[in-house]
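One structure is given here, and the rest of the page talks about it.
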Amino acid sequence: MLVKSGEHVHLAQLLQFMVLGEQLAHDCAKTQATLVREPGLQRFLAGQAKQEGRHAVIFQWAIRCLAPRDRQSPVISHQMNQYRRLIMSALTRGDLAESLLAEQIILEGLGQAILQRLETGLLKRGAPFRKLRHILLQQEEAHHGFGLRTLQRMLDEGHTSTDHLRELAPAYLELGKTLLFSAQDSFYCIQEDPHEYWKDFQRDLPEWLREHPQGGPFLPNGLYVAR
């Protein structure tokens, strides 16, 4: 059996988080494609939007299989809507750098960390659709990597600065962490620790976002801790 008795509802709730994230990523990438001029960037973002849309459909299908009568968490929905408002405000202003930070680096990075850890458990249980899960994870990694490379190029070319991005990051990081830990009961019910997921996510952040120039680790509440 893929999941133990009672676990299917908790796994479905975690996938609801992924559905909302994929839907936001779809809308964001679709708009980002209209903000860039380079054909290569336009093609990648248009392709990402299509992939995110398919991911959302796949996760919705999995939720219906696991818990067809389960309701969407109002807490996660509210917090994701807050995240959406911040990103859409940046896109309306034409701030590509902020949208890359918020979507491809933070939101995609968090989604990637969740999928990677869940995949370990699914492999142990011999879950079906391994090839499909592998494709999903590869695409999430590609989206995250694209954001890292593109934003670094913008930094190198002087289109934005690490100081500016560090000012923007706390709001997104705090919401991202709140989103993750709002599902902590579901994580613990499937024998997973959300703290480990957050650590995985932090390890994949760019160094300028992880470390303050004075050497203290960056925290989601905008503070720095001295070593």
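Consider segment 13-28. How many of its residues are at pLDDT 95 or above and among the aliphatic types (A, V, I, L, M)?
2
Restricting to segment 129-176, name every residue that is aromatic (Phe, Trp, Tyr) and open to solvent by 20 Å² or more (accessible area, probe 1.4 Å).
Phe129
Anything in segment 74-117 that is hydrophobic (A, V, I, L, M, F, W, C) and more than 14 Å from the chain's Cα centre (by Cα)? List them, or say none. Explain how you work it out, then say what you get.
Here is the first cut: in segment 74-117, the ones hydrophobic (A, V, I, L, M, F, W, C) are 75-76, 80, 86-88, 90-91, 96-97, 100-102, 105-107, 110, 113-115.
Across segment 74-117, the qualifying residues are Val75, Leu86, Met88, Ala90, Leu91, Leu96, Ala97.
Restricting to segment 156-176, give me the number of residues that are free of Cβ contacts under 8 Å to residues at least 12 places away in the same chain, under 19 Å from Val36 (Cβ atoms) and part of a helix (DSSP H, G or I).
Of segment 156-176, the ones free of Cβ contacts under 8 Å to residues at least 12 places away in the same chain are 156-158, 161, 163, 167.
With the extra rule that they be under 19 Å from Val36 (Cβ atoms), the set shrinks to 156-158.
This time we only want the ones that are part of a helix (DSSP H, G or I), so: 156.
So the count comes out to 1.
Identify, by number, the condition in (1) under 16 Å from the mean Cα position of the chain (by Cα); (2) modelled with pLDDT under 95 that His10 doesn't meet.
Every listed condition holds for His10 apart from (1).
What pairs can you find where one residue is in segment 41-54 and farther than 15 Å from Leu151 by Cβ, the other is acidic (Asp, Glu) and assigned to a helix (DSSP H, G or I), and their Cβ atoms are less than 6 Å apart, with a gap of 6+ or different chains?
Glu52/Glu22
Take the residues in segment 182-194 that are open to solvent by 40 Å² or more (accessible area, probe 1.4 Å) and part of a helix (DSSP H, G or I), then tell me which one is farthest from Gly109 (Cα to Cα).
Cys189
With respect to Glu211, determine if the residue is at pLDDT 90 or above, among the charged types (D, E, K, R) and either under 23 Å from Ile76 (Cα atoms) or in contact with a Pro (Cβ under 7 Å, 6 or more places away or on another chain) (or both). Step through it out loud before you land on a result.
Working: at pLDDT 90 or above: no; among the charged types (D, E, K, R): yes; either under 23 Å from Ile76 (Cα atoms) or in contact with a Pro (Cβ under 7 Å, 6 or more places away or on another chain) (or both): yes.
For Glu211, the condition - at pLDDT 90 or above, among the charged types (D, E, K, R) and either under 23 Å from Ile76 (Cα atoms) or in contact with a Pro (Cβ under 7 Å, 6 or more places away or on another chain) (or both) - is not met.
Take the conditions modelled with pLDDT of 90 or more, assigned to a helix (DSSP H, G or I) and open to solvent by less than 20 Å² (accessible area, probe 1.4 Å) and apply them to Leu179. Does it pass? It would help to see each step written out before you state the result.
On the way: modelled with pLDDT of 90 or more: yes; assigned to a helix (DSSP H, G or I): yes; open to solvent by less than 20 Å² (accessible area, probe 1.4 Å): yes.
The answer is yes for Leu179.
The values are calculated or read from the model by the stated rules, or taken from the named source; none is laboratory data. Predicted model, so just to flag it, every value in this text is computed and none were measured. FYI the Cβ positions are ideal-geometry reconstructions off the backbone, even for glycines, and counts take in every protein chain you see. These accessible areas exclude ligands, DNA and RNA; they are computed on the full protein's heavy atoms, side chains included. Shrake-Rupley method; radii C 1.70, N 1.55, O 1.52, S 1.80 Å.
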